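Worksheet: the structure to be examined is printed underneath.
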Amino acid sequence: MTTRHKLMPMLGGGALVVFFLAVFFLVVPTLANAGDGSGLQYSVAADIVGKLGLKESPVTDSTRDRIIPREVELMFYGAIDHRFDGMVSSAAHFEGGAVFFELHEAYIKTSKLIPRSRIKLGSYFLGIGRLNRFHRHDWPFISAPKSHENFLDAEGVQDTGLEYAWLLPIPFYLEWTLGFTSGFTFGHTHEAGSRPRMPTHYTRLGTYTDLSDESGIELGFNYLGRKATNGERLRLFGLDSTAKFMSGKTLRWLLQGELWLRHLRSSTNLLQKDLGSYIYSQYGFNKNWFLGIRFDAFNELTRTSALTGQREKNITYGIVPTATYASSEFSKFRLAYNYYEERELSETKFTDHRIELQSTFILGAHPAHDF
Amino acid sequence: MMKIMKTIFLMLSLSITNAAEAKLQILTTTTNLSWLAQQIAGDKAEVVPLLTGVEDVHYINAKPSFISKASNADILCSVGLGLELGWLPKVLEKSGNAQIQPRGKGYCVLGEGIDVLDKVTKKVDRSMGDVHPEGNPHFSLSPDHLIKADSNFVGVLATVDPTNSDYYLAQYKKTKSELQQLRDRIRKELSAKLEKGTKILEYHKEFTYFFHAYGLHSAGSMEELPGVPPSAGRIAKVALKAKATGVKAAISAPYSPQKIVQRVSAIAKIPSVVLPVHVRANTEYNSYPKLQKHLAAKLIKTIKPQVQP
Ligand SMILES: [Zn+2]
C-alpha cells in the first residue's frame, strides 16, 4: 500500500529539491560506508516541469502557469542475495499546491528461480501497456496522453501485489505477464482505499519482431479488471505498440501508440464505455535532437444527454508537438505545445492551448535500458 | 481452451526433447567473439552473435529478440570491461535464465583478466563523457588479446560441457596457434609497407589494440570526451596537432560522424578512411582473419602513397 504523508504543504518547489538532495547526501555516504561490497546502487531522478496556459482554460490544474519539480525520485536497487534483487524508490510529488512524499516502489524480484520466468513481489507500476511500464522521466514526451490520464492516471497505476512473467518456449519472443494486486485503490490517490470485491488482476501478452538489423517492433495485448467495494466493475482492454529504427547511436524514428477500451459497470448495472488512444511519432536528427508529434483521442462511447436521454457523439482530441534536446542519456530538455479540443454533437465545447517545458536529469547509476 | 493447452504442452515437450539432443547453444554479443567461440566449440555448439557487426556496441537497445535468444542459451559471452553495460544486464535478467546470469556457469566475460590499454588512473565522473572506467574494452582487434580472452572462454565451455573438455582444449590450442600465425603474417605485411610507429588518429579509441598488436601508434582520439562529438575548437586543435606531429591518417568506424572526420582530415591534410570494427556476414571481412587482412590492406592503401611519393 502506498504510504503518503502530506509533507511541508506550504513549502515551495525549490525547497523540496534542496530537502531531497540533503536527504540523499546524508543517507548515501552512510550507505556507502556500511554497504561496502553489497553492490547497492542509487540514483536521483528529477523531473522539472513548467506549464504555461495560452488561454483561459476550464481545466483546473494547480500546476498551470508555474514551474515546479513535478517529481523528485530517489531510487535504491541492487542484488539482495544470490537469488533476489530489490528496488526501493520514493518520490516527492507536487500536487494541488502541496508536496507529497510517497513510497513509489518497493519490491523484491528474481529471474533465477524458475526457468524463463521473472517474479516480482511488492509495490510497483503494473506491467501493462507501454507508458505504465516506464517511469515518467523515461517517457519520450512531457505529459501523459489523455487516454492514459483517464484510464491509468497521469503517472501510471501502481499497487502492491505479485507479478509473474513467463517467456514461452518458442523460437520468437512471446512473454506472458500475469499479476494480482490488492486493488484497495486504483490509480493515483491519497486515500487508503477499501477492500475491493475483486482485487486488481491484469495480464499482458507481449511479442516482438526485428524489422531489420537496427529496427524492431513490439506489440502488447492487455487486460485489466477490478471490482470496487461499491460494486463498480472496471475492465480495461488495451493494445500497445512500439517501433524503433536505430541508425548507429541515433534513434532515427520512434513510433509508439496505445489503444484502450474501458468498460465501467456501475453498481446499478449501468455500463459506461470509453475509448482512448494516442500515437506518437518522433524523428531523431542525431543523438541530441528529436522532434515528435503526438495525436490523442478520447471518446465517451456511452455519453447521453441528461435532458433527452439521447446519445451524444463526442470526442476530445489533442495535438502535441514535442522537441527534445538530450545532452546525454542522463539529461534531457523538452518543449511541447499542447492543443486540446473537446467536441460534442459537432460543436466545440472547449479548447485548451498550453506550452510545457521540461528538464529531467539523473544523478547516480541508471539501470540498463529496455527496448 | 483445451486446444491452446494442448498446443502449449506440445511446444513445451518439443523444446525439452530438442534441448536434450541439440548442440550447445552459445550466444555472444559481438561477431568477433562469435567467430572465436565457433573456432573453439567446433561442431559441438551452435554459436550465434546478438549483434550483426554494423552496430555501435556502446549504444544498443535491449531488444526482446535478444531476450528470447538468451532464454535458450547455455553460455552467453560478452566483451565486458563495461562495454555492454547499458543493455546486456537487462537482457540477462529478462531472459529468466539463471545459468547465463552473473555467477551462473554459462556466464562468460571474455575481457576479464586481459592486459587492458588506456587504463583510467583519474577518478571517473560523468562530466568526462562515456569514459570506459575499466580501461579500453575494444581489445578484440588484437589477436594477442583475443588469445587471452580465448582461455577465459575455454574455462567456461569446459565447465558447462565437461565431457568434451579435451576436444575444446585441443581446439583452443589450434586456434591459438592459428591466431599467432595470423598475427605474424599481418605484422610482416604491415612492417614491410609502413614505418614502425606510424601515427594514426582515431575518432574513438576502437583501433588502439590493432595498432598495439602491429607496432603502429595511436595518436589519440578526435573525441575529447568519449561518446560526445568534439567541438569545433577540439577539431582544430586535434587536426593541427596531427599535422605538426606527422600523423599519417585519420580513421573511424562506419557509425562515427563522418563530417567531423572529414574536417579533421582536411585541416591536418591527411587521408581518412572508414574501417570496420567487427566481422560481418556477406562482406569480404566475414571472418576474423579476413577482417585483420582487410584492416591491414586498407591502412596500407591509405597511408602508403604518402610514404613513397
Ligand atoms: Zn568505446
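Tabulated results
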| quantity | calculated |
| --- | --- |
| Which listed residue, of B:Val91, B:Val116, is outside any helix (DSSP H, G or I) and hydrophobic (A, V, I, L, M, F, W, C) | B:Val116 |
| Residue match in region A:285-297 (condition: within 14 Å of chain B (Cβ to nearest Cβ), modelled with pLDDT of 95 or more and within 19 Å of A:Ala243 (Cα to Cα)) | yes |
| Yes/no for B:Ser231 being within 16 Å of the ligand (Cβ to nearest atom) and either away from chain A (no Cβ under 14 Å) or over 22 Å from the mean Cα position of the chain (by Cα) (or both) | no |
| Residue within region A:185-192 that is free of Cβ contacts under 8 Å to residues at least 24 places away in the same chain and within 12 Å of chain B (Cβ to nearest Cβ) present | no |
| Criterion violated by B:Ile270 - all others in (1) within 14 Å of chain A (Cβ to nearest Cβ); (2) away from the ligand (no atom under 16 Å from the Cβ); (3) of a type outside the set (Ser, Thr, Tyr) satisfied | (1) |
| Residue in region A:141-161 that is within 14 Å of another protein chain (Cβ to nearest Cβ) and assigned to a loop (DSSP other than H, G, I, E, B) present | no |
| Restricting region B:32-54 to residues that are away from chain A (no Cβ under 14 Å) and of a type outside the set (A, V, I, L, M, F, W, C), the residue that is nearest to B:Pro289 (Cα to Cα) | B:Asn32 |
| B:Trp87, sole failed condition from (1) out of contact with any His (no Cβ under 8 Å at 6 or more places or on another chain); (2) surrounded by 21 or more Cβ atoms within 10 Å (Cβ to Cβ) | (1) |
| Filtered residue count, region B:199-228, keeping only those that are of a type in the set (Ser, Thr, Tyr) and either under 24 Å from A:Ser247 (Cβ atoms) or away from the ligand (no atom under 14 Å from the Cβ) (or both) | 3 |
| Any pair with Cβ under 9 angstrom, 6 or more apart, that starts in region B:177-201 at a residue that is part of a helix (DSSP H, G or I) and ends at one that is of a type in the set (Lys, Arg) | B:Leu182/B:Lys293; B:Arg185/B:Lys293; B:Ile186/B:Lys293; B:Glu189/B:Lys293; B:Lys193/B:Lys304 |
| Which numbered condition B:Ile67 misses (of (1) within 18 Å of B:Thr31 (Cα to Cα); (2) within 8 Å of chain A (Cβ to nearest Cβ); (3) surrounded by fewer than 22 Cβ atoms within 10 Å (Cβ to Cβ)) | (3) |
| Hits in region A:171-184 - residues which are over 14 Å from B:Gly96 (Cβ atoms), outside any strand (DSSP E or B) and without any contact (Cβ under 8 Å) to a residue 60 or more places away in the chain | A:Pro171, A:Phe172, A:Gly183 |
| Residue match in region A:360-368 (condition: of a type in the set (A, V, I, L, M, F, W, C), at pLDDT below 90 and touching a Lys or Arg at 6+ places or on another chain (Cβ under 8 Å)) | yes |
| Contacts under 7 angstrom Cβ, first residue in region A:260-288 being more than 18 Å from A:Leu236 (Cβ to Cβ), partner of a type in the set (Val, Ile, Thr) and part of a strand (DSSP E or B), 6 or more apart | A:Ser281/A:Ile293; A:Gly284/A:Thr250; A:Asn286/A:Thr250; A:Lys287/A:Thr250 |
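Let's see how each residue does on (1) within 14 Å of the ligand (Cβ to nearest atom); (2) modelled with pLDDT under 95:
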residue	(1), (2)
B:Ile67	no, no
B:Gln99	no, no
B:Pro102	no, yes
B:Leu117	yes, yes
B:Val120	yes, yes
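Conditions (1) over 20 Å from the mean Cα position of the chain (by Cα); (2) surrounded by fewer than 17 Cβ atoms within 10 Å (Cβ to Cβ); (3) within 16 Å of the ligand (Cβ to nearest atom), marked per residue:
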| site | (1), (2), (3) |
| --- | --- |
| B:Leu141 | no, no, yes |
| B:Ile147 | no, no, no |
| B:Phe153 | no, no, no |
| B:Asp166 | yes, yes, no |
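The values are calculated or read from the model by the stated rules, or taken from the named source; none is laboratory data. The structure presented is a predicted model; accordingly, all values stated were derived computationally and were not measured. Heads up, the Cβs are rebuilt from the backbone with ideal geometry, glycines too, and the neighbour counts pull from every protein chain shown.
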